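Asker: Here it is: the structure, laid out below.
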Amino acid sequence: MPSVAMAGLLEESPTARESWTPFRSRTKSPYAGAWIALNAPRRVEPAPGFAILIDVHRGHPPPHGEQGRPTLTRHTPRPRRGNGALPLPLLFRGKVRDVYAVPDDGAAQADATTLPTPHLLLVATDRVSAFDVVMREPVPDKGRVLTQITTWWLSTHLSDIPNHLVSVRPDEIRRAVPGLAACPEAWEGRATLVRRTRPLPVECVVRGYLSGSAWKEYRESGTLAGERLPPGLAESDPLVPAIFSPSTKAQEGHDENITFEQVADLLGGNLASRLRARSLDIYERGRAAAGEAGIILADTKFEFGTTPDGDLLLIDEVLTPDSSRFWPREHYAPGRAQPSLDKQPVRDYLETLPDWDKQYPPPPLPPDVVAATSERYRNVFQRLTGTDLDAYEPPRFDPGGTAP
Ligand SMILES: Nc1ncnc2c1ncn2[C@@H]1O[C@H](COP(=O)(O)OP(=O)(O)O)[C@@H](O)[C@H]1O
Ligand SMILES: [Mg+2]
């Protein structure tokens, strides 16, 4: 059971661990970056040269490093470029998304970071990460693909699942936030206006195939999410039925898998059961629809958040290649890791570099690798939806009219 969450600003340097400056701690909280960034009493956009650092300690009392400092479990240097340039207060910069507060009247108010606003603008940038390191080169169209795939799911196979989307259409977003008209290239097609929620501190992972950290857990202990699996399974074998294998949101890339009982301890049995049932339902619909397009949806991660009215909403990105493993059916063969439909060119290239240790700073990506990756993302959209990205018209959401 996590006992203390701390966040701080960490200087981006190899010796950064020496300059930890905590700015918030909260007992009995597993909350990670998003929660702190979105709910902290002051603006948390890091100063130039600094990164947001989030650490969640487990166990009681919290463990300390050798010199008596907190043990740091997550250090995420943030890229300094990208779309941070909208006339709105930037609340949080994730590996891929920039999250802005949308003040009620649409004006860019400096205090929107301190007052909770009912809406957020999520901007999916073209940043790409591999081995948990964000590359310097943007991948053209990647942000649009992620945004529009989420939109497509939420307006087709998942249209009855309560979710945060208010608008994806540039005309509607411009009406809600007139200041954005001045910089269309920075957000059109990649931004979504959403209802702001309090994200639940659990990643709702569903696995239909044995891969990644699940394969590792199984190989080491014969279990997944603490439950025993049949013996003799091979890497990438199907899991029937699919398994809810939640994790904490404490760390990127190396999220800690937790059991369903731990989710129930954190959130209550009722909410935990609802999360599991909803996640499995969405995954099964996604698996069926992707399967029709020749895509194996091996696993995926959902996030949910609660509104002040107590509604449970599906938030963040949904069934995208960044939040899921998409495998091309034609190359599927159990007993090994599978090639992915999207970032494979980046991973393959990085694996050819004997001197890179898969830590920051990232090596430069050659233009042909960037182009091949961009092409892959566009193809995923086309293959899944049957529509060319440029021809896709996002539908209207928000029939209840809650847009600002
Ligand atoms: N409707 C919402 N309300 C509050 N937070 C949200 C909502 N939708 C997404 N988020 C948060 O915004 C962040 C998106 O940024 P992202 O780049 O995906 O971050 P990360 O690097 O942590 O994956 C996530 O932390 C997610 O929890
Ligand atoms: Mg994310």
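The numbers here are math on the coordinates, done by the rules we state, and not lab data. Note that the coordinates shown come from a computational prediction; the quantities given were computed from them, not determined experimentally. Ideal geometry is used to build each Cβ from the backbone, glycine not excepted, and the neighbour counts take in all protein chains shown.
Asker: So if we plug the beta-carbon distance of TYR332 and ARG198 into 1/(1 + (r/R0)^6) with R0 = 60 Å, what FRET efficiency do we get, rounded to 0.05? If you can, show how the numbers build up before the last one.
Answerer: On the way: r = 39 Å, r/R0 = 0.64.
E(calc), rounded to 0.05, equals 0.95.
Asker: So which of LYS95/LYS343; LYS301/LYS358; LYS95/LYS249; LYS142/LYS216; LYS95/LYS216 end up more than 21 Å apart by C-alpha? Walk me through the numbers on the way to the answer.
Answerer: Details: LYS95/LYS343 15 Å; LYS301/LYS358 23 Å; LYS95/LYS249 14 Å; LYS142/LYS216 29 Å; LYS95/LYS216 24 Å.
The pairs that break the limit, which is 21 Å between Cα atoms, are LYS301/LYS358; LYS142/LYS216; LYS95/LYS216.
Asker: Which loop trypsin sites (Lys or Arg not before Pro) in segment 328-404, with loop taken from DSSP, have no more than 13 other Cβ atoms within 10 angstrom of their Cβ?
Answerer: Details: sites: ARG329, ARG336, LYS343, ARG347, LYS358, ARG376, ARG378, ARG383, ARG396; in loops: ARG336, LYS343, LYS358, ARG396.
Passing sites in segment 328-404 are ARG336, LYS358, ARG396.
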